[in-house]
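First comes the structure, then the notes that go with it.
The values are calculated or read from the model by the stated rules, or taken from the named source; none is laboratory data. Everything quoted here is computed from the prediction, not taken from an experiment. Please note: Cβ atoms are built from the backbone with ideal geometry, for glycine as well, and neighbour counts cover all protein chains shown. SASA here: full protein model, heavy atoms, side chains in, ligands and nucleic acids out. Shrake-Rupley method; radii C 1.70, N 1.55, O 1.52, S 1.80 Å.
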Amino acid sequence: MTQIFAHRGYSSAYPENTMSAFVAAEKAGADGIELDVQLTKDGEVVVIHDEKVDRTTTGIGFVKDLLYKELRQLNTNKKGGRKEPIPALKEVLEWMTSNQLICNIEFKNNRFPYDGMEEKVIHLVRNFHLDNRIIFSSFNHYSIVHSYRLAPEIETAPLLLEGIYMPWVYCQSIRAKGLHPKHTTISDRIIQKTMENGIAVRPYTVNQEKDMHRLFNIKCTSIITDDPVKAIKIRNQYKKRP
């Protein structure tokens, strides 16, 4: 069956990229989570999507210009209530040792290079012995090739905004075992052909029911969605089929 990855955790119901969102995704029955990483001014790997903290927290400024202790003082729960800090990646990985989730770590380094981020993330993944449950992805394909060279045992997957010709050939050329395309830019035929050639296909960000039905129907490897609960309900309909 198609796996379900919770995009930035259960982000349709909880603050994105937070421990609450990740825990809720696990409780909902997701097969995996997707999260984004960047580096603080003092080199801590933190889980946040935007290069700036403005949209998702009570603070302002670039992640790269803030110390880890400064970043931790910010609250991602902007609607009020219980404080929800930006997690360090090591906090998420430690939590993952208590479950069986797969984790897609996206390197957010296509705007700022974050020198040494791949090495830091690989070190953390190996420290927690999670090599076989991690997927590295990025729009910066140089970064995932670098990751593969450093840690060939950890799966890599290029992120694509647009369709490319014979994507399985490209993935094989950079030793990637997965492909993460925007779901509106890839056809059923190309998804199936890519999977036939041994490449996992995990389209993002699949939130509409019709799109979920389309991808479940062709047994796509995985989908990445903001709403794992909706996705699981729809996937259950396919489990009942002969």
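Numbers below:
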{"item": "Residue within the stretch 214-221 that is buried (at least 16 other Cβ atoms within 10 Å of the Cβ) and β-branched (Val, Ile, Thr) present", "result": "yes"}
{"item": "Some residue of the stretch 226-235 being under 18 Å from the mean Cα position of the chain (by Cα) and of a type in the set (Gly, Ala, Ser)", "result": "yes"}
{"item": "Cβ pairs under 9 Å, 6+ apart, first in the stretch 213-227 and under 20 Å from LYS240 (Cβ atoms) and among the polar types (S, T, N, Q), second open to solvent by 10 Å² or more (accessible area, probe 1.4 Å) and part of a helix (DSSP H, G or I)", "result": "ASN217/ASP188; ASN217/TYR238"}
